[in-house]
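See below for the structure under consideration.
Since every read-out is calculated from the coordinates, none of them should be taken as a lab result. Bear in mind that the values here come from a model prediction, so they are computed numbers and not experimental data. Positions of Cβ are backbone-derived with ideal geometry, glycine not excepted, and every protein chain shown enters the neighbour counts.
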Amino acid sequence: MLIKTLIFVPVFFGLTGCLENNTQRGVAGAAGGAIISGATGGSPVTGAVIGGAAGYFCQDLNVPGCRDR
């Protein structure tokens, strides 16, 4: 399960960088987090909360490629 998560995290952050603002990245992060968490046997709600927060705050966390256009 840990290996699946480690594979999906870079993909998730790469996709969130393509969006134009924090709200769009937050929604995409929530969707991605729910899907990844559900696929790896976790709680989709928890995955959505964590993914949404990661997507929304990725610019503040200086994730490469995550900036407003």
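Annotations
- Mean Cβ count within 10 Å, highest first, over the residues of peptides 40-46, 28-34: 28-34, 40-46
- Pair Ala31, Asn62: separation of 7 Å Cα→Cβ label points (nm): 3.1 nm
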